[in-house]
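Working notes for the structure below.
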Amino acid sequence: MFKRREYEPEYALLSDTDNKPVNRYGKPIETAPPGDPLREQPFVINGEESPQQNPNRYKQHGFYFNADNCIACHACEAACSEKNDVPPHLAFRSVGFVEGGSYPDYRRINISMACNHCDNPVCLKGCPTRAYTKFAEYGAVLQDPDICFGCGYCTWVCPYNAPQLDPVKGQVSKCNMCVDRLEVGLKPACVSACLGKALDFGVIENIPEGRVQAETEIPGFPRTDITHPNIRFQQMKSIQREMVRVDDMPIKYHRSEDEKRYVPELDPKKGYDRQWNWKKLLGSHENAHIAFTLSVQTVMGAFALLVLGDGFGIAPIESFRAGGAFVPGLWLMVALMGFGLFKLNMHLGKPHRFYRGFNNLRLSPVSREIAGVSAFFAGLLGYAVFNLFDGTLATWLANASALLALAGLGFGGYYMVKLYRIPARPFWDHWQTGSSFLGTGLALGSLLVGLLAMAGGQFDGGLGRLLAGLAAAGLALEGIGLLAHARAMSHVDSEGAASWYEQMTTYGWPYWLRNGLLIAALLLAAGQALTGADSWLFGLLTLLALGSAIIGRALFYVLVIPTTMPGAFFWRNKGFVEHAREVGLAEMPQIGVAYERHHPFRVDELLQTLRETSLREMLGHVRWVLTGRPY
């Protein structure tokens, strides 16, 4: 427990007395009313159980920020980092700003922001390992880095950039509300350190003494309807109609017609010149996701075509299955699927903790995707094995495996799309994500079957025309989605417009190359479907479609811009981070930038984990996943 000094200054003390019953979103402020079993559970902080000392322990607390008083001294950042022993390249609380006008009428708003301990914490719902918990005590959303396996999905879904993925340790950590200080009647360290009394803290909806506003938004603060954050603002000084960011994000904020709020819109600060930027495009941190999604969707499309085509009695598919390329083709699909799963697992900060991805099946789309894809892989593997044997039992087992694989395909495929429909990332939150994934599976899956047929000498006119037609349908579906997506993003008032701008400028030439390859592949596939397929042209079609898919998927990951807080010139500025890593400034810890240094795979850690985990703990872990009861 935090040791309170004998003479704490008055400004560091919590002083809430009267509290409101509900917050402005209609949620009760009391997190556990008298008699609730939650009140009977022990409250343990840093390994020490604490009897109730704070009378407001079971009320939702939150931050209060007065933008008029913030001078950007960063004392709150320093106090937070010292209190929580945060490394220099991370910050649980950070200060950014937006500015508007020019000399002599220049206006600036500084914004200090940490985790908002939301009523609807999407980080908790998204985390596949259940590393997050929304506590009844103070309404704090706490995260356990030891449970986290470093997938970073919570950093995707949070609109406020609160969870911090450590590129060195490969795990996430975040603001913990300083609950140990709250328990002894003290405000969080960042609040106590604020020089200008810009930060305050207490039971949510309580306006601090000397303040008159308690707004839910401020220029530069993302939308609140996603999570209902527990932070309130005061900002009464007049500012310009347009406020811009000083980081490299092409976003500015424009006062809406009702004069009440500022909405994000495009700020084309980099001009409109098209660039290639192949190194940035194909050197993304998310390359593992490119390999995983493309390989898995290709295999899913090919498997569905072979199984359903046979089930519906489509003659060219039945002919292919009767040939010698069918069973080797299944094993090739197993290998391709295994490659994708391996790349995804090695992408984790702690790959040896991969089994924790199943922990949050009740809430997390990531856990459900993992479960569905794993079921598909198990079914595919079983189908490949049992097709090696003859007999009634082998046929029955092969059919059962096929049903398992199809169920996993439907479940896992749905959540593979669902996990990207993130309100905090508008560029992904469009139906084109689903059409792209489905189109890729249909097109590349059909082309994979065609390549297998050519390798086995079974490629003929009937099969070629069928596969070319299906590939054309998949490419057309993706093209239609891309057209609708470009039209939507070019007119939207959100970070999606900034993603569209980056697409047309920073990656302008790869974007048009992808479009050209897609159109060429679509025309070639349609032509072969109508006039007859030629093996040489089918091979060319495969190269065109694959090139389009790789570039398109790389753009999908590199272009997304989240709804996040404004940074400063050097801190929380993606452009400066890239520059520091390129020129070597990241070697200086005081710069606050780090290279990604965590080792992708440690055999010794895996063996140590197995040695330390008893059979009883394994069974308890399975029980926790299935029932939700702790072990």
Go through the stretch 160-180 and count every residue that is within 16 Å of residue 64 (Cβ to Cβ) and in a helix (DSSP H, G or I). 0
Against the condition surrounded by fewer than 18 Cβ atoms within 10 Å (Cβ to Cβ), assigned to a loop (DSSP other than H, G, I, E, B) and at pLDDT 60 or above, how does residue 570 come out, does it pass? yes
Answer yes or no as to whether residue 366 is in contact with a Phe, Trp or Tyr (Cβ under 6 Å, 6 or more places away or on another chain), part of a helix (DSSP H, G or I) and among the β-branched types (Val, Ile, Thr). yes
Got at least one residue in the stretch 19-42 being part of a loop (DSSP other than H, G, I, E, B), buried (at least 17 other Cβ atoms within 10 Å of the Cβ) and either among the hydroxyl-bearing types (Ser, Thr, Tyr) or not assigned by TED's automatic domain parsing to the domain that holds residue 232 (or both)? yes
Of the residues in the stretch 500-542, those that are at pLDDT below 95 and not in a helix (DSSP H, G or I) come to 532, 533, 534
Hey, among 441, 508, which residue is under 22 Å from residue 544 (Cα atoms) and within 24 Å of the chain's Cα centre (by Cα)? 441
Identify, please: which residue in the stretch 532-547 is touching a residue at least 40 places away in the same chain (Cβ under 8 Å) and under 17 Å from residue 514 (Cβ atoms) and is, among those, surrounded by the most Cβ atoms within 10 Å (Cβ to Cβ)? 541
Matching helices (runs of 4 or more DSSP H) fully within the stretch 230-333 where at least 3 residues are surrounded by fewer than 18 Cβ atoms within 10 Å (Cβ to Cβ) and within 26 Å of the chain's Cα centre (by Cα): 278-282
Can you pull out every residue in the stretch 506-526 that is free of Cβ contacts under 8 Å to residues at least 40 places away in the same chain and of a type in the set (Gly, Ala, Ser)? 516, 520
Taking the stated definitions as given, is residue 499 in contact with a helix residue (DSSP H, G or I) (Cβ under 9 Å, 6 or more places away or on another chain) and either β-branched (Val, Ile, Thr) or without any contact (Cβ under 8 Å) to a residue 12 or more places away in the chain (or both)? no
In the set 366, 327, 385, which member is over 26 Å from residue 460 (Cβ atoms), touching a residue at least 24 places away in the same chain (Cβ under 8 Å) and among the β-branched types (Val, Ile, Thr)? 366
Kindly provide the set of residues from the stretch 548-567 that are touching a Lys or Arg at 6+ places or on another chain (Cβ under 8 Å) and assigned to a helix (DSSP H, G or I), ordered by number. 548, 551, 552, 555, 558
Look at residue 224 and say whether it is crowded, with 16+ Cβ neighbours inside 10 Å and either among the small types (Gly, Ala, Ser) or free of Cβ contacts under 8 Å to residues at least 12 places away in the same chain (or both). yes
State whether one or more residues within the stretch 338-352 are of a type in the set (S, T, N, Q) and at pLDDT 95 or above. no
If residue 142 meets every condition in (1) within 24 Å of residue 80 (Cα to Cα); (2) in contact with a Pro (Cβ under 9 Å, 6 or more places away or on another chain) apart from one, which number is that one? (2)
Given the options 535, 490, 499, 494, name the one that is more than 24 Å from the chain's Cα centre (by Cα) and hydroxyl-bearing (Ser, Thr, Tyr). 535
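If I ask for residues that are of a type in the set (D, E, K, R) and either buried (at least 21 other Cβ atoms within 10 Å of the Cβ) or not assigned by TED's automatic domain parsing to the domain that holds residue 115 (or both), which ones from the stretch 127-161 would you list? First the steps, then the outcome.
Restricting attention to the stretch 127-161, the residues satisfying the condition of being of a type in the set (D, E, K, R) are 130, 134, 137, 144, 146.
Those that are of a type in the set (D, E, K, R) and either buried (at least 21 other Cβ atoms within 10 Å of the Cβ) or not assigned by TED's automatic domain parsing to the domain that holds residue 115 (or both): 130, 137.
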Out of the residues in the stretch 340-363 that are out of contact with any helix residue (DSSP H, G or I) (no Cβ under 6 Å at 6 or more places or on another chain) and either under 25 Å from residue 402 (Cα atoms) or among the hydrophobic types (A, V, I, L, M, F, W, C) (or both), state the one that is surrounded by the most Cβ atoms within 10 Å (Cβ to Cβ). 348
Residues located in the stretch 500-531, provided they are surrounded by fewer than 19 Cβ atoms within 10 Å (Cβ to Cβ) and more than 30 Å from residue 264 (Cβ to Cβ): 516, 519, 520, 523, 526, 527, 530, 531
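The values are calculated or read from the model by the stated rules, or taken from the named source; none is laboratory data. In this text, all values refer to a predicted model and were calculated from it rather than measured experimentally. Counting neighbours? That spans all protein chains shown, and the Cβs are built from the backbone with ideal geometry, glycine included.
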